[in-house]
Amino acid sequence: ELPQGFNLAQTTKVLSEIQQRASKHKEIQHLVTNLGSQGMIDTGTNLASSDVKLVDKKLRKKSTAEMVNILTRELSDIPNARIKVSAASSMGGDESPVVFFLQGQDNDRLESIKKEVFEQIYSTPGLVNLDTSTRSGSSELTLYPRREKMAEIGASVYDLAMALRASVEGMVSTQFREAGNQYDIKLSLDEEAVDSPEKIMNLSITIFGKSYLLSQLADVNFAPGINKITHRDRYKSIEFTADVARGANLGDVVSGVKQRLDEINYPNGYGAVWGGDAEMLTSTVTDMLRTFLLAVLLTYMLLAAILESFAQPLLIMATVPLALIGVILALLFAGQSMNLFSMMSIIMLVGIVVNNAILILDYVNVKRKLGFSAHDALLEAGELKLKPIIMSTLSIVVGMLPMVLGIGGSGKEFRQSMGIVSVGGLIVSTFLTLVIIPAFYYLTTRDLHKIEQ
């Protein structure tokens, strides 16, 4: 983005320099340039955008995030250019992960609040490429009607606007028909007659059959224009967009921005509403939590029906929090963040980690029916079921090792967190299950064993 007033030729010159610098990298396959616009809404002679296509992951050593940092650093010294380099969104498209809207009713009031919000959140840790949707537009002529004078002649602002439009823009006065086709004929003044404020002030305006000079009915002044007006949920809105720095977590960045936004004292009728990946993250966490609770409930109901008991399934379900310990440790050790794929893996673990406890307690129940004490039954079950438990756990862990190590083509970053969560939760829950579940069972049944004796 170049400053207002730059033409397409100047924009093309800067864009050519950007392409020349970027094309030196062998990791870039090609660039697709869009001159004069940034997306579907933002247009102007000072705007341009480029989509960069990297070669396949197998053919390059640098990741997408590394290429973003390299290009940002190399293009930062281009004068008069505001350059933003960001990776494509994980959900597709080029929308920034951090998006929120400042909403209200008055554009001037929103602009003043925008400056305060920008200064407040600019230094948030992990936040980069902070930008807003509004810019200072080109200067424009603004007419301020003299309402007292117009009231004297019985005219309204609408009458003045229509008369001015007929002179500057022109009005369709009649149609021309030929060979079954109809063409509108619009009458207007020459461009030379309205190319300066003085000429506009001396325009002759006809209202109710009488002619007046525009200077008699209105004052004309220069005023800064607005490049665009965005509406969201029926409110005038200013969109804030930003990216997450490499190594930072989206959830932590969003929490930091929210905390700083809450410190701002908004006027009545004004506030911030979240969108983009931040809004999706909030709804995803809620949905995944609901799904997790449903998975735990269905697993408990199934175990209660199989074991014909309401108490023992509670012991078996104790393996789920044990698995969560492994999940947290694995994410911390691998330096991964909690994302959609991690949460999906946690839900998947609910149905996996209970298997080891089922093997132990099912065998204990059989031995108890044969007259064994809880202590002896647990000792024998632990000895006999240790081998199948270790074998089943190792088979799952070894099968997920390629996913954990990030072996594969594009998209392995997303799959890797799923493998890390699954393997970490499974290993920790397996070892803790062999110790904690038998201990819980013995503590809850030894009193009953004494009464039987």
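Quick notes on this structure:
- Ser173 being assigned to a strand (DSSP E or B) and in contact with a Pro (Cβ under 7 Å, 6 or more places away or on another chain): no
- Lys450 vs. criteria modelled with pLDDT of 90 or more and either surrounded by fewer than 13 Cβ atoms within 10 Å (Cβ to Cβ) or not in a helix (DSSP H, G or I) (or both): no
- In segment 265-289, the residue that is modelled with the lowest pLDDT out of those that are of a type in the set (A, V, I, L, M, F, W, C), over 8 Å from the mean Cα position of the chain (by Cα) and not in a strand (DSSP E or B) is Val285.
- Long-range neighbours under 6 Å by Cβ, at least six apart or interchain, first residue over 30 Å from Lys61 (Cα atoms) within segment 23-40, second in a strand (DSSP E or B) and modelled with pLDDT under 85: Ser37/Thr43
- On the stretch given as segment 361-395, residues that are aliphatic (A, V, I, L, M), under 30 Å from Met288 (Cβ atoms) and modelled with pLDDT of 90 or more total 2.
- Contacts under 8 angstrom Cβ, first residue in segment 373-396 being free of Cβ contacts under 8 Å to residues at least 12 places away in the same chain, partner surrounded by 16 or more Cβ atoms within 10 Å (Cβ to Cβ), 6 or more apart: Asp376/Lys367
- Residue match in segment 3-15 (condition: closer than 22 Å to Ile70 by Cα and part of a loop (DSSP other than H, G, I, E, B)): no
- Some residue of segment 7-30 being within 27 Å of the chain's Cα centre (by Cα), surrounded by fewer than 14 Cβ atoms within 10 Å (Cβ to Cβ) and of a type in the set (A, V, I, L, M): no
- If only residues of segment 290-319 that are at pLDDT 85 or above and hydroxyl-bearing (Ser, Thr, Tyr) are counted, the one that is nearest to Pro438 (Cα to Cα) is Thr319.
- Identity of the residue in segment 173-198, surrounded by 10 or more Cβ atoms within 10 Å (Cβ to Cβ) and among the aliphatic types (A, V, I, L, M), that ends up modelled with the highest pLDDT: Ile185
- Looking only at residues of segment 16-40 that are part of a loop (DSSP other than H, G, I, E, B) and among the basic types (Lys, Arg), we find that the one that is nearest to Ala81 (Cα to Cα) is Lys24.
- Residue check, Lys228 part of a strand (DSSP E or B) and either modelled with pLDDT of 80 or more or among the basic types (Lys, Arg) (or both): no
- Residues in segment 241-251 that are of a type outside the set (Asp, Glu) and under 11 Å from the mean Cα position of the chain (by Cα) were compared, and the one that is surrounded by the fewest Cβ atoms within 10 Å (Cβ to Cβ) is Gly251.
- With respect to the stated conditions, Ala155 fails to be at negative phi, modelled with pLDDT under 85, part of a helix (DSSP H, G or I) and of a type in the set (A, V, I, L, M, F, W, C).
- The set of residues in segment 120-139 that are outside any loop (DSSP other than H, G, I, E, B) and at pLDDT below 90 comprises Leu127, Val128, Asn129, Leu130, Asp131, Thr132, Ser136, Gly137, Ser138, Ser139.
- Residue check, Leu329 loosely packed, with under 15 Cβ neighbours inside 10 Å, out of contact with any strand residue (DSSP E or B) (no Cβ under 8 Å at 6 or more places or on another chain), modelled with pLDDT of 90 or more and outside any loop (DSSP other than H, G, I, E, B): yes
- Contact map, segment 340-351: residues that are more than 15 Å from Ala330 (Cβ to Cβ) and modelled with pLDDT under 90 paired with residues that are surrounded by 21 or more Cβ atoms within 10 Å (Cβ to Cβ) and among the aromatic types (Phe, Trp, Tyr), Cβ distance under 7 Å, separation 6+ or inter-chain. No pairs are found.
- Index of the failed condition, Val254 passing every other in (1) more than 26 Å from Val99 (Cβ to Cβ); (2) touching a helix residue (DSSP H, G or I) at 6+ places or on another chain (Cβ under 6 Å); (3) buried (at least 16 other Cβ atoms within 10 Å of the Cβ); (4) among the hydrophobic types (A, V, I, L, M, F, W, C): (1)
- Residues of segment 360-380 that turn out to be over 50 Å from the mean Cα position of the chain (by Cα), part of a helix (DSSP H, G or I) and under 20 Å from Glu308 (Cα atoms), as a count: 9
The values are calculated or read from the model by the stated rules, or taken from the named source; none is laboratory data. Here the structure is a predicted model, which is why all the values come from computation and not from measurement. Glycine gets a Cβ as well: all are built from the backbone with ideal geometry, and neighbour counts include every protein chain shown.
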